Amino acid sequence: MQLAIEEGLGLDLEAEASARIYAPFGMTRTSLRWRADFAENLADGYAADGSFEPHDERSRPSAAGSMDTTIEDQARLWAAIVRGDGLSKASRRELVRPQRPIQSARQFPTLWDWTDPRGPAIALSAGLGVVTYLDDNGPSWFKGGHNDWTGNMVVCQEARRRCVVFLSNSVRAERIYPALARFILGATKTPWWWEYGDDDRAES
């Protein structure tokens, strides 16, 4: 999509994101390009073994993972998405509509053909930028972000219009996300086993 925006339409991705998302939603501390004023509130990363990794100050926007942000700004973003702010009703429905069933046992590695019956049992599916599934409360969805040093996750329940957002500068924090989500949202069918690729993280 970034290529379509930049190469096909000749638009600047960061400028469009600022005008269409950051400004309308009050996200004053978010950018896909490093800003010098972020340095005063910077969180560097920590790997699973506790080793330190300095923050990558990216000079070129990358929709796949260059965003610097805060938990407050992310809460504003996801609250706006849940409400459908700035979207037509049709676009909002399409955003979280199950587009393609997911039968794989894990998110990564992507080319393995292992399957898991837990996915079809909750109608696990790919949406437009989110992963959808059926919870006891109805349609739900999540979006994760991860590298060797950081772990981020949002889980949203459509019917209840409730979300929980996690951001961490240590990848080890992902191990407590299922328990935290359960504490905040109550029991869910969030497929942590698919997202993280192991079964020793407690089901929520």
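The values are calculated or read from the model by the stated rules, or taken from the named source; none is laboratory data. On a predicted model such as this, the values are computed, not experimentally measured, just so you know. Every residue, glycine among them, receives a Cβ derived from its backbone with ideal geometry; neighbour counts consider all protein chains shown.
Restricting to the stretch 39-59, what's the tally of residues that are charged (D, E, K, R) and either in contact with a Pro (Cβ under 8 Å, 6 or more places away or on another chain) or not in a loop (DSSP other than H, G, I, E, B) (or both)? Let's see the steps before the verdict.
The first filter runs over the stretch 39-59 and keeps only residues charged (D, E, K, R), leaving 40, 44, 49, 53, 56-58.
Those still in the list that are either in contact with a Pro (Cβ under 8 Å, 6 or more places away or on another chain) or not in a loop (DSSP other than H, G, I, E, B) (or both) too: 40, 44, 53.
Here the count works out to 3.
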Next on the checklist: If I ask for residues that are surrounded by fewer than 16 Cβ atoms within 10 Å (Cβ to Cβ) and part of a loop (DSSP other than H, G, I, E, B), which ones from the stretch 166-194 would you list?
Outcome noted: Gly186, Ala187
Checklist entry - Condition test on Pro120, is it without any contact (Cβ under 8 Å) to a residue 12 or more places away in the chain, farther than 19 Å from Ala47 by Cβ and surrounded by fewer than 16 Cβ atoms within 10 Å (Cβ to Cβ)? => result no
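Would a scan of the stretch 64-85 turn up a residue that is exposed (fewer than 12 other Cβ atoms within 10 Å of the Cβ) and of a type outside the set (Gly, Ala, Ser)?
As a first pass, look at the stretch 64-85 and keep what is exposed (fewer than 12 other Cβ atoms within 10 Å of the Cβ): 64, 83.
Right, trim to of a type outside the set (Gly, Ala, Ser) and you get 83.
Yes, the stretch 64-85 has at least one match.
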Item to check | Qualifying positions in the stretch 69-108 - over 18 Å from Arg160 (Cα atoms) and of a type in the set (D, E, K, R) | outcome: Glu72, Asp73, Glu94, Arg100, Arg106
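Tell me which residues, restricted to the stretch 145-164, are surrounded by 19 or more Cβ atoms within 10 Å (Cβ to Cβ) and closer than 18 Å to Leu77 by Cβ.
Start the filter on the stretch 145-164 by keeping residues that are surrounded by 19 or more Cβ atoms within 10 Å (Cβ to Cβ), which leaves 149-157, 163-164.
Result: Thr150, Gly151, Asn152, Met153, Val154, Val155, Cys156, Gln157, Cys163, Val164.
Yes or no: Trp78 within 20 Å of Thr28 (Cβ to Cβ) and either polar (S, T, N, Q) or modelled with pLDDT of 95 or more (or both)? Break it down into steps so the answer makes sense when it comes.
On the way: within 20 Å of Thr28 (Cβ to Cβ): yes; either polar (S, T, N, Q) or modelled with pLDDT of 95 or more (or both): yes.
Here the answer is yes, as Trp78 does meet what is asked.
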